[in-house]
Amino acid sequence: MIDGPSSLQSPQGHHNSSPKVRRGIGLALCERLLTEDDQIHLCLACRNMQRAKAARISLLSLHPAADISILQVNLGSLKSVCQAATEVKQRYRQVDFLYLNAGIMPNPCINLKVFLSGLFSRKVIHMFTTGEGLLTQKDQITDDGLQEVFETNVFGHFVLIRAIEPLLCHVDSPSQLIWTSSSNARKSAFSLLDYQHIQGQESYSSSKYATDLLSVALNRHFNQQIRIFTNSFTITPYNGAEALLWLFRQKPELLDPLLKYHSCTSGLGNNYVESRKMNLEEESSELFYQKLLELEKQTLKKLSESEEEYK
Ligand SMILES: NC(=O)C1=CN([C@@H]2O[C@H](COP(=O)(O)OP(=O)(O)OC[C@H]3O[C@@H](n4cnc5c(N)ncnc54)[C@H](OP(=O)(O)O)[C@@H]3O)[C@@H](O)[C@H]2O)C=CC1
Ligand SMILES: CC(C)=CCC[C@@H](C)[C@H]1CC[C@H]2C3=C(CC[C@]12C)[C@@]1(C)CCC(=O)C[C@@H]1CC3
């Protein structure tokens, strides 16, 4: 999911006659961005239009003069991602900020053994801030034949970025792409040989590590125009939006593409941003990027062939 001035943002789901506004990090970010600058144009990219409208109304109740539009996108469907990209290209000439915030962690289960041993070890704080090795998930396959967590958290965003690339790369005013990773990203959960995480049970950690790797490769390929940020465990969505808002205020050329920017909250409840070096090799990021280009080629070909069949 995406968001930002002259760009896009967070989706909401479920078929419901009176949809409630889902108060995640995406909506908190929109509120904070509009408080910072109510002249921006926000486009909320959401998978469920009812909930997108509810989010828009909620934002307008706080910022009545704000310019907010909505757009439908389901990141777990390549067809939907391609349609959304076409729509974005029709509506806008340039996207200044692209926030890729959507992410799922389906059916999480706590590994009690890891939790109990972590509780009585020196790593207890690390465990509570990263959830490292603590959670397993049950993944499933999408209609595109991909792992759902991988497609939603990584590949859907990747295809979208590439599809709207002409709106992002302007020499005179470069865009900022801010992709939500996590402190839960873990190198050992990811494998280049199984980047969709078909074989493991830590698809979320794997997908967030994949995000970190891709941010580095995208930054290189898009001529230093991409920056990544990550959250730690967030006590409230408002706190979780801290690094996202901080990045909105930064000059991209002063940021280091090998750092992740974490939203943190002190014991006294003060929010701050901390940068930490990512645990990755640039060579792996490039290899992964090439693999995704290949996957994109194959899956888009399959999609257009199946659409031809229906004609
Ligand atoms: N909460 C936390 O502690 C942390 C969160 N993060 C990351 O921050 C981001 C936001 O998290 P948070 O606000 O807590 O999570 P939420 O579950 O509240 O929000 C996630 C958003 O992603 C959307 N989404 C899910 N699947 C799709 C899809 N297929 N297509 C389009 N949109 C989709 C959801 O839409 P819908 O309403 O339709 O489901 C929802 O709006 C995620 O990337 C998450 O991984 C990182 C670190 C910590
Ligand atoms: C008392 C009791 C049963 C505590 C369990 C706590 C855990 C449920 C949390 C401790 C650290 C948390 C955490 C996350 C989820 C919940 C915990 C595992 C995330 C993995 C959520 C999504 C992220 O992106 C990062 C978070 C890191 C910390």
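The values are calculated or read from the model by the stated rules, or taken from the named source; none is laboratory data. On a predicted model such as this, the values are computed, not experimentally measured, just so you know. Every residue, glycine among them, receives a Cβ derived from its backbone with ideal geometry; neighbour counts consider all protein chains shown. Please note that ligands, DNA and RNA were not included when accessible areas were found on the heavy atoms of the full protein model with its side chains. Shrake-Rupley method; radii C 1.70, N 1.55, O 1.52, S 1.80 Å.
When 81, 73 are checked against the criterion of being within 14 Å of ligand 1 (Cβ to nearest atom), under 17 Å from residue 144 (Cβ atoms) and in contact with a strand residue (DSSP E or B) (Cβ under 6 Å, 6 or more places away or on another chain), a single residue qualifies: 73.
Filter the stretch 84-106 for residues that are modelled with pLDDT of 95 or more and either open to solvent by 90 Å² or more (accessible area, probe 1.4 Å) or more than 25 Å from residue 180 (Cα to Cα) (or both) and give the result. Within the stretch 84-106, 89, 90, 91 meet the criteria.
Return yes or no: is residue 304 without any contact (Cβ under 8 Å) to a residue 12 or more places away in the chain, exposed (fewer than 14 other Cβ atoms within 10 Å of the Cβ), in contact with a strand residue (DSSP E or B) (Cβ under 9 Å, 6 or more places away or on another chain) and not aromatic (Phe, Trp, Tyr)? For residue 304, the condition - without any contact (Cβ under 8 Å) to a residue 12 or more places away in the chain, exposed (fewer than 14 other Cβ atoms within 10 Å of the Cβ), in contact with a strand residue (DSSP E or B) (Cβ under 9 Å, 6 or more places away or on another chain) and not aromatic (Phe, Trp, Tyr) - is not met. In the stretch 74-83, of all residues being open to solvent by less than 40 Å² (accessible area, probe 1.4 Å) and touching a Leu at 6+ places or on another chain (Cβ under 9 Å), the one that is farthest from ligand 2 (Cβ to nearest atom) corresponds to 78. Scanning the stretch 125-138 turns up at least one residue that is closer than 18 Å to residue 204 by Cα, open to solvent by 70 Å² or more (accessible area, probe 1.4 Å), aromatic (Phe, Trp, Tyr) and modelled with pLDDT under 95. Scanning the stretch 3-46 for residues that are in a strand (DSSP E or B), at pLDDT 50 or above and under 19 Å from residue 250 (Cα atoms) yields 41, 42. Summed over the stretch 86-100, residues that are within 17 Å of residue 162 (Cβ to Cβ), away from ligand 1 (no atom under 16 Å from the Cβ) and outside any loop (DSSP other than H, G, I, E, B) total 2.
Evaluating residue 152 against the criteria (1) in a helix (DSSP H, G or I); (2) β-branched (Val, Ile, Thr); (3) open to solvent by less than 10 Å² (accessible area, probe 1.4 Å) leaves one unmet condition, (3).
Here residue 103 meets the list (1) in contact with a Lys or Arg (Cβ under 8 Å, 6 or more places away or on another chain); (2) away from ligand 1 (no atom under 12 Å from the Cβ); (3) not in a helix (DSSP H, G or I); (4) not aliphatic (A, V, I, L, M) almost entirely, failing just condition (2). For the stretch 120-141, residues that are assigned to a helix (DSSP H, G or I) and either among the polar types (S, T, N, Q) or more than 9 Å from ligand 2 (Cβ to nearest atom) (or both) total 5. Any residue that is part of a loop (DSSP other than H, G, I, E, B), modelled with pLDDT under 95 and more than 16 Å from ligand 1 (Cβ to nearest atom) - is there at least one of those in the stretch 47-67? There is no residue in the stretch 47-67 that is part of a loop (DSSP other than H, G, I, E, B), modelled with pLDDT under 95 and more than 16 Å from ligand 1 (Cβ to nearest atom). Could you list, in sequence order, the residues of the stretch 108-119 that are in a loop (DSSP other than H, G, I, E, B) and at pLDDT 95 or above? Correct list: 108 only.
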